[in-house]
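Undergrad: Dropping the structure in here first, questions after.
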Amino acid sequence: MSEQTLTLDDHDHHEHGPAKGFLRWVFTTNHKDIGTMYLIFSLVMFLIGGMMAFVIRAELFQPGMQLVDPGFFNQMTTMHGLIMVFGAVMPGFVGLANWQIPLMVGAPDMALPRMNNWSFWILPFAFTMLLSTLFMEGGAPGFGWTFYAPLSTTYAPPSVTFFIFAIHMMGISSIMGAMNIIVTLFNMRAPGMGLMQMPMFAWSWLITAFLLVAVMPVLAAVVTMMLMDIHFATSFFSAAGGGDPVLFQHIFWFFGHPEVYIMILPAFGVVSEIIPTFSRKKLFGYHSMVYALIAIALLSFVVWAHHMFTVGMPIGGQLFFMYATMLIAVPTGVKVFNWVATMFKGSLTFETPMLFAVAFVVLFTVGGFSGIMLAIAPVDFQYQDTYFVVAHFHYVLVPGAVFGIVAGVYYWLPKWTGKMYDESLGKMHFWLSFVGLNLTFFPMHFVGLAGMPRRIPDYALQFADFNMMASMGAFLFGTSQLVFVYLVIKTVRSGKEAAQVPWESAEGLEWTLPTPLPYHTFTTPPVIEHK
Amino acid sequence: MNLSTPRGLVVLVVLMFGFGFALVPLYDVFCEITGLNGKTAGQYEGELASGENIQSRQVTMQFIVNKNDNLPWEFKPNDVQMKVATGERKDTTYRVRNTYNTAAVAQAVPSVSPSAAAEYLHKIECFCFEQQPLEAGQAVDMPLTFVVDPELPEGIDKITLSYTLFDITNSTAPASDPHKVKKVDN
């Protein structure tokens with residue numbers, strides 16, 4: 001292992017700092033630079049996707065058609081979903097992984113640094129292509145982020161081809177990023193660090209990376225079939241030619257369900273790092289946390305059809321997918337109980353990362369519970385395609401995935417920048433976000449149960465009050481993210497010098513490194529002492 | 001540098017891409033075995049029950065049609081409902097008329113409800129096995145010959161056979177642009 005590390009370092013000997021100028025960012029193979037680029041890209045996409053959410057919520061502020069025409073409204077819901085899933089959440093976690101995984105396992109860099117550069121630089125092109133569809137004749141894709149056939153084939157706007165290639169490119173990027181993480185974790189851990197001594201964040205990303213490698217090719221396959229149906233007269237999803245549109249949903253959700261765990265498992269890892277630090281205790285039940293991650297990942301492959309209970313399925317199939325789905329609540333429950341047990345009788349303090357982590361545990365659990373309601377096949381017939389579903393997945397994605405990323409950024413920002421962020425601004429960001437998101441998404445449960453369908457630009461009068469609340473909450477949540485942007489810029493520009501270990505009792509290899517962090521770290525691997 | 005991990009991962013990626021496509025035939029096989037989606041098998045070539053094997057069990061067959069995408073053609077079953085004995089060979093016809101003033105090609109796609117009955121409804125002869133080219137204004141009676149398997153599970157006494165008619169002129173004509181929707185001029 002040590003020999004391996006030395007050979008990797010060889011070509012770096014003559015350059016000790018980053019190159020100068022803009023080209024540094026184009027040619028960089030440094031995991032810290034690439035991590036930064038991923039995180040900035042994710043933030044930009046988060047703000048663009050957020051502006052689309054603004055359009056949606058502005059239209060839904062009052063019943064009746066107010067601002068945009070229904071076709072454009074559909075383009076907004078579609079692009080909002082695609083941008084947030086593929087542009088904001090996934091690159092955000094890859095950014096955290098790029099920064100943290102080498103630091104946490106004592107590796108000098110990622111295992112495949114040039115591929116790392118490539119996997120990042122594909123993304124701006126993929127998303128430029130996706131966003132350019134908004135300006136094309138016929139408009140952007142408006143068939144929903146799930147792009148069900150035949151809406152996305154027979155009835156799609158011509159821009160669908162650009163959408164397909166954008167998906168292909170971001171898929172290639174994700175696969176390369178995931179492969180890099182697996183190879184790093186398998187081959188470049190510091191001597192003495194076994195798999196079962198890895199930090200929980202590294203474990204969560206190892207599992208996530210395997211999910212990515214397994215299902216992103218299936219997504220590539222399904223969009224390739226769409227491409228062939230549209231341009232090469234095949235009939236994978238066209239009933240007229242002997243195909244089956246329901247087949248599309250099966251293949252899509254075979255990708256789609258593991259995908260939702262791809263977006264949440266790294267967040268599990270982040271809060272599993274943060275909660276022990278601010279509870280001043282070891283993580284409760286390390287082994288059970290690892291096994292729970294593995295169990296969730298395996299189960300995610302056999303539950304996809306709970307997204308499509310209403311397409312017509314034999315009763316045996318419905319029961320299988322219902323019970324398998326509910327089974328996921330068991331390992332997820334193990335994780336939630338372990339976080340609570342870690343906090344139990346700890347000496348807690350609530351700095352900003354901890355506030356986001358605790359909110360994650362509480363609000364992710366709310367989203368988990370509505371997930372169990374949706375898993376019940378007979379009642380899902382009522383909930384299907386209502387705002388209840390929208391409330392559910394926003395509760396697991398916003399205070400789940402997004403809070404996970406934000407908590408990680410607050411936690412590690414002092415190490416990355418060498419500067420301390422402004423704690424009172426951070427707390428303000430947290431409380432505005434917390435109030436804003438609950439005001440936005442909680443009323444959606446009520447209107448959903450009362451029958452308001454999702455993906456509509458207009459609605460019946462009885463839903464007006466809750467929708468106005470949700471819109472006001474959305475404006476509050478959205479604008480409060482500008483506090484975060486300001487905070488990060490302020491930290492980088494004029495933050496106070498941070499201590500080497502800014503958090504009392506933070507553990508892990510990343511805190512053994514000096515602050516500010518040198519450009520190259522762990523060029524000689526650290527020695528892990530077994531206690 | 002140990003390259004076995006990245007090699008293995010590349011193989012996994014390629015396999016999973018292939019698996020995505022393998023899901024297509026797998027899904028067909030799965031649907032045929034379980035009758036999922038009311039999908040029926042192709043032309044029946046099994047033994048027909050004869051004489052003493054024909055049981056007196058009576059089943060009601062219902063015939064319904066749908067026209068995809070508001071196709072303005074005439075399309076209707078000439079028998080809406082009939083009683084058949086299981087194992088008995090039956091014939092019926094469907095009337096279709098092309099109301100366009102151009103020639104067109106149609107394709108009918110079957111579906112059976114309840115889906116548990118799908119694998120017991122055998123089609124010996126069916127217009128749905130072929131595409132139907134029709135001249136402008138041409139009308140034809142399209143034949144269907146079927147038999148209900150005596151093995152039909154107890155408790156099913158009514159089978160609905162539905163045909164959806166698709167206009168596939170665009171996808172059969174060479175070098176057609178799929179985004180140009182055919183204009184209806186009747």
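Undergrad: Inspect all residues belonging to the range A:389-406 and state whether any of them is over 17 Å from the mean Cα position of the chain (by Cα), on the phi > 0 side of the Ramachandran plot and touching a residue at least 12 places away in the same chain (Cβ under 8 Å).
TA: Checking the range A:389-406: not a single residue is over 17 Å from the mean Cα position of the chain (by Cα), on the phi > 0 side of the Ramachandran plot and touching a residue at least 12 places away in the same chain (Cβ under 8 Å).
Undergrad: Can you list the helices (runs of 4 or more DSSP H) lying wholly within the range A:11-113 that have 1 or more residues being more than 30 Å from A:ALA391 (Cβ to Cβ) and in contact with a Phe, Trp or Tyr (Cβ under 9 Å, 6 or more places away or on another chain)? Spell out the reasoning first.
TA: Numbers: elements: A:23-27, A:31-59, A:70-82, A:90-105.
Answer list for the range A:11-113: A:23-27, A:31-59, A:90-105.
Undergrad: Would you mind finding the one in A:VAL435, A:VAL527, A:VAL501, A:VAL483 that is over 21 Å from A:LEU67 (Cβ atoms) and without any contact (Cβ under 8 Å) to a residue 40 or more places away in the chain? Lay out the reasoning, then the answer.
TA: Numbers: A:VAL435 fails: without any contact (Cβ under 8 Å) to a residue 40 or more places away in the chain; A:VAL527 fails: without any contact (Cβ under 8 Å) to a residue 40 or more places away in the chain; A:VAL483 fails: without any contact (Cβ under 8 Å) to a residue 40 or more places away in the chain.
When all the criteria are applied, what remains is A:VAL501.
Undergrad: Looking only at the range B:104-155, filter to residues that are within 14 Å of chain A (Cβ to nearest Cβ), in a loop (DSSP other than H, G, I, E, B) and touching a residue at least 40 places away in the same chain (Cβ under 8 Å); which one of those is farthest from B:PHE166 (Cα to Cα)?
TA: B:PRO114
Undergrad: Here is a check on your reading of the model: is B:ASN37 modelled with pLDDT under 90, under 16 Å from the mean Cα position of the chain (by Cα), over 30 Å from B:GLU154 (Cβ atoms) and at the interface with chain A (Cβ under 8 Å from one of its Cβ atoms)? Reasoning before the result, please.
TA: On the way: modelled with pLDDT under 90: yes; under 16 Å from the mean Cα position of the chain (by Cα): yes; over 30 Å from B:GLU154 (Cβ atoms): no; at the interface with chain A (Cβ under 8 Å from one of its Cβ atoms): yes.
Spelling it out, it is not the case that B:ASN37 is modelled with pLDDT under 90, under 16 Å from the mean Cα position of the chain (by Cα), over 30 Å from B:GLU154 (Cβ atoms) and at the interface with chain A (Cβ under 8 Å from one of its Cβ atoms).
Undergrad: Please specify each residue of the range A:198-227 satisfying the condition of being facing chain B (nearest Cβ under 10 Å) and not β-branched (Val, Ile, Thr). Break it down into steps so the answer makes sense when it comes.
TA: At the first step, the residues of the range A:198-227 found to be facing chain B (nearest Cβ under 10 Å) are A:209-210, A:212-225.
Result: A:ALA209, A:PHE210, A:LEU212, A:ALA214, A:MET216, A:PRO217, A:LEU219, A:ALA220, A:ALA221, A:MET225.
Undergrad: Given the conditions (1) buried (at least 23 other Cβ atoms within 10 Å of the Cβ); (2) in contact with a strand residue (DSSP E or B) (Cβ under 7 Å, 6 or more places away or on another chain), which single one is not true for A:ALA239?
TA: That leaves (1) as the condition not met.
Undergrad: Give the range A:183-199 a look and list any residue that's in a helix (DSSP H, G or I) and crowded, with 22+ Cβ neighbours inside 10 Å, or say none.
TA: So the first thing to find is which residues in the range A:183-199 are in a helix (DSSP H, G or I), and the list is A:183-187, A:195-197.
A:VAL183, A:THR184, A:LEU185, listed by residue number.
Undergrad: Sticking with this one: Condition (residue is more than 27 Å from the chain's Cα centre (by Cα) and in contact (Cβ under 8 Å) with a residue 12 or more places away in the chain) applied to the range A:264-272: is it met by at least one residue?
TA: Filtering the range A:264-272 down to residues more than 27 Å from the chain's Cα centre (by Cα) leaves none.
No, the range A:264-272 has no match at all.
Undergrad: Next question. Give the number of residues within the range A:278-313 that are assigned to a helix (DSSP H, G or I) and farther than 16 Å from A:GLU259 by Cα. Walk me through it before giving the result.
TA: First, pick out the residues of the range A:278-313 that are assigned to a helix (DSSP H, G or I): A:278-279, A:286-302, A:304-307, A:309-311.
With the extra rule that they be farther than 16 Å from A:GLU259 by Cα, the set shrinks to A:278-279, A:286-292, A:309-311.
Result for the range A:278-313: 12.
Undergrad: Go through (1) modelled with pLDDT under 95; (2) closer than 17 Å to B:LEU26 by Cβ; (3) surrounded by fewer than 23 Cβ atoms within 10 Å (Cβ to Cβ) for A:TRP253 and report which single condition fails.
TA: A:TRP253 satisfies all of (1) modelled with pLDDT under 95; (2) closer than 17 Å to B:LEU26 by Cβ; (3) surrounded by fewer than 23 Cβ atoms within 10 Å (Cβ to Cβ) except (1).
Undergrad: How many residues are more than 18 Å from A:ILE262 (Cβ to Cβ) and either more than 10 Å from chain B (Cβ to nearest Cβ) or among the polar types (S, T, N, Q) (or both) when one looks only at the range A:175-197?
TA: Total satisfying the criteria: 10.
Undergrad: Out of the residues in the range B:1-14 that are loosely packed, with under 13 Cβ neighbours inside 10 Å and more than 8 Å from every other protein chain (Cβ to nearest Cβ), which is farthest from A:PRO108 (Cα to Cα)?
TA: B:VAL11
The values are calculated or read from the model by the stated rules, or taken from the named source; none is laboratory data. Since the structure is predicted, the reported quantities are computational estimates derived from the model, not experimental observations. Note that we place each Cβ from the backbone using ideal geometry, even for glycine, and neighbour counts take in every protein chain shown.
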